[in-house]
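Notes follow once the structure below has been shown.
The values are calculated or read from the model by the stated rules, or taken from the named source; none is laboratory data. On a predicted model such as this, the values are computed, not experimentally measured, just so you know. Quick reminder, even Gly has a Cβ in these numbers, built from the backbone with ideal geometry, and neighbours come from all protein chains shown. Areas reflect the complete protein model, heavy atoms only, side chains present, ligands, DNA and RNA absent. Shrake-Rupley method; radii C 1.70, N 1.55, O 1.52, S 1.80 Å.
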Amino acid sequence: MTNKPSTLLLIMIAFSIFLNCKNTTVKENAISPLPSLKESFKNDFLIGAAISRSQINQTDSLSNALLEKEFNSITPENDMKWEQIHPKEDSFNFETADKYVALGEKNNMHIVGHTLLWHSQLAPWVQNIQDSATMASTIKAHINKIVGRYKGRINTWDVVNEALNEDGSPRESVFYKVMGGENYIEQAFMLAAKADPDAKLVYNDYNLWKPEKRKGVLRIVKNLQDKGIKIDGVGMQAHWSLEGPTLEDIENSIIAYSNAGVKVSFTELDVTVLPNPWDLDGAAVEQSYAQFENDPKMNPYPVKLTDAAQIQLAKRYEAIFKLFLKHKDKIERVTFWGVNDGHSWLNGWPINGRTNHPLLFDRNFEPKKAYNSVLDLKKQ
Ligand code: XIL
């Protein structure tokens, strides 16, 4: 009997403390919104993230909460690639893509479509096409159907992905070979522009800081412009490392693309911290190095990044974002390839089973030193 009133009192006190805390948090948030990447850079460029199927399906609430807090643009990491969205000639699979677009709309995000034409992650039935008329009508059906479905809802399309070799010459993809040249690029941009006249159209590729490859991009851009075909931007994928590319090479490309009359976006930014002693550069997804799997030398931070490496990464990101801010008038968007380190494709590429730490948030969704170094640029 005697215990009952005090138990009740305790419950009431606990409840009132709980309510109080809740109110304080709400009030504080209303007065000073927490800093975020998207807020900090809102007058400079969009801040995006590539998202995977689990984020599209919203199965991980922490991941989606961070996405909504920090980012104002999204790119689908895999779910709009040809093999996913158009696996058979007469069958399109829009289920995940529809959810992806709805998620972006719900959060007022700039929505990117990735990607219409790419030799990789291409459906096998397309790889078997051998004559140019069939290839042309296949490309037409693919672009019309997909761009048409999301007309007015997808803001930017990566129309053609990775059509160049490292020396700037055309990559001999199935599209190039069967269509007999780079005219498939013209077709793709023309069709996309017609299917959604308001969408921004981008050519996307890796290593676009390389002077030789830069020439290839400028050739593509100029050719489209000369023929009156719309192209709005160049997407520099930006799969970089602590050591390279140099800021000078990146800057020269930003300036060259801007001078050609198109906007620049950094579409797939990540900075690997893992060793890369063999002569691999670029981001060709076909490359893989099975002989290095399970080699501890190749996986120096299996549990966490050392302080020294955190600082190195923070400095690299600071320098990169300083350069981006210098050229903010030319840059439309900076998209990270993943939300946190655990999501990054670099845990499995080019060597399987490593633990990489290339993004601004760690595996527990905590901001890293690199996050602070990027945000601090806006506080000075
Ligand atoms: C990667 C995805 O992140 C991986 O999940 C997938 O296994 C392979 O493709 N260039 C691109 C991206 O344009 O689509 C690639 O994404 C990374 C390289």
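Given the criterion surrounded by 14 or more Cβ atoms within 10 Å (Cβ to Cβ) and modelled with pLDDT under 95, identify the matching residue among Ala290, Ala260, Ala283.
Details: Ala290 fails: surrounded by 14 or more Cβ atoms within 10 Å (Cβ to Cβ); Ala260 fails: modelled with pLDDT under 95.
Checking each option against the conditions leaves just Ala283.
Identify all residues within region 108-136 that are among the hydroxyl-bearing types (Ser, Thr, Tyr) and part of a loop (DSSP other than H, G, I, E, B); write none if there are none. If you could, list the steps in order and put the result at the bottom.
From region 108-136, those among the hydroxyl-bearing types (Ser, Thr, Tyr) are 115, 120, 132, 134; that's our starting set.
The answer is Ser120, and nothing else.
Listed here are the residues, each with its yes/no results for (1) open to solvent by 70 Å² or more (accessible area, probe 1.4 Å); (2) modelled with pLDDT of 95 or more; (3) within 19 Å of the chain's Cα centre (by Cα).
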{"site": "Asn23", "(1), (2), (3)": "yes, no, no"}
{"site": "Ala30", "(1), (2), (3)": "yes, no, no"}
{"site": "Leu34", "(1), (2), (3)": "yes, no, no"}
{"site": "Lys38", "(1), (2), (3)": "no, yes, yes"}
{"site": "Lys42", "(1), (2), (3)": "yes, yes, yes"}
{"site": "Ser54", "(1), (2), (3)": "no, yes, yes"}
{"site": "Asn64", "(1), (2), (3)": "no, yes, yes"}
{"site": "Glu77", "(1), (2), (3)": "no, yes, yes"}
{"site": "Phe92", "(1), (2), (3)": "no, yes, no"}
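Yes/no matrix, rows are residues, columns are (1) farther than 18 Å from Pro245 by Cα; (2) within 16 Å of the ligand (Cβ to nearest atom); (3) crowded, with 22+ Cβ neighbours inside 10 Å:
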site	(1), (2), (3)
Ala314	no, no, no
Ala319	no, no, no
Asp341	yes, yes, yes
Arg354	yes, yes, yes
Asp362	yes, no, no
Lys369	yes, no, no
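Under 7 Å by Cβ, and 6 or more places apart or on different chains, what pairs join a residue from region 321-342 that is of a type in the set (Gly, Ala, Ser) with one that is more than 16 Å from the ligand (Cβ to nearest atom)?
If the second residue must be more than 16 Å from the ligand (Cβ to nearest atom), the pairs left are Gly342/Arg363.
Is it the case that Asn276 is at pLDDT below 95, in contact with a strand residue (DSSP E or B) (Cβ under 8 Å, 6 or more places away or on another chain) and not in a helix (DSSP H, G or I)? Walk me through it before giving the result.
Numbers: at pLDDT below 95: yes; in contact with a strand residue (DSSP E or B) (Cβ under 8 Å, 6 or more places away or on another chain): yes; not in a helix (DSSP H, G or I): yes.
Criteria met by Asn276.
Listed here are the residues, each with its yes/no results for (1) at negative phi; (2) modelled with pLDDT under 95; (3) away from the ligand (no atom under 16 Å from the Cβ); (4) outside any loop (DSSP other than H, G, I, E, B).
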| site | (1), (2), (3), (4) |
| --- | --- |
| Ala193 | yes, no, yes, yes |
| Asn207 | no, no, no, no |
| Gly216 | yes, no, yes, yes |
| Leu224 | yes, no, yes, yes |
| Val234 | yes, no, no, yes |
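For region 195-205, name all the residues that are in a loop (DSSP other than H, G, I, E, B) and buried (at least 20 other Cβ atoms within 10 Å of the Cβ). Don't jump to the end; show me each part of the working.
Taking region 195-205 first, the residues in a loop (DSSP other than H, G, I, E, B) are 196-199.
Of everything in region 195-205, those that are in a loop (DSSP other than H, G, I, E, B) and buried (at least 20 other Cβ atoms within 10 Å of the Cβ) turn out to be Asp196, Ala199.
Output the residues belonging to region 137-163 that are small (Gly, Ala, Ser), outside any loop (DSSP other than H, G, I, E, B) and touching a residue at least 12 places away in the same chain (Cβ under 8 Å). Spell out how you get there, then give the answer.
Taking region 137-163 as the starting set, the residues that turn out to be small (Gly, Ala, Ser) are 137, 141, 148, 152, 163.
Among the residues that remain, those that are also outside any loop (DSSP other than H, G, I, E, B) are: 137, 141, 148.
Correct list: Gly148 only.
So which of Trp337, Trp349, Trp345 is at pLDDT below 95 and either in contact with a strand residue (DSSP E or B) (Cβ under 7 Å, 6 or more places away or on another chain) or not charged (D, E, K, R) (or both)?
Working: Trp337 fails: at pLDDT below 95; Trp345 fails: at pLDDT below 95.
Exactly one of Trp337, Trp349, Trp345 is at pLDDT below 95 and either in contact with a strand residue (DSSP E or B) (Cβ under 7 Å, 6 or more places away or on another chain) or not charged (D, E, K, R) (or both), namely Trp349.
Just need a number here: residues in region 160-181 that are more than 16 Å from the ligand (Cβ to nearest atom) and within 16 Å of Thr138 (Cα to Cα). Let's see the steps before the verdict.
Within region 160-181, the subset more than 16 Å from the ligand (Cβ to nearest atom) is 167-170, 172, 174, 176-181.
Imposing the further condition that a residue be within 16 Å of Thr138 (Cα to Cα) reduces the set to 174, 176-180.
Summing the residues that are more than 16 Å from the ligand (Cβ to nearest atom) and within 16 Å of Thr138 (Cα to Cα) in region 160-181 gives 6.
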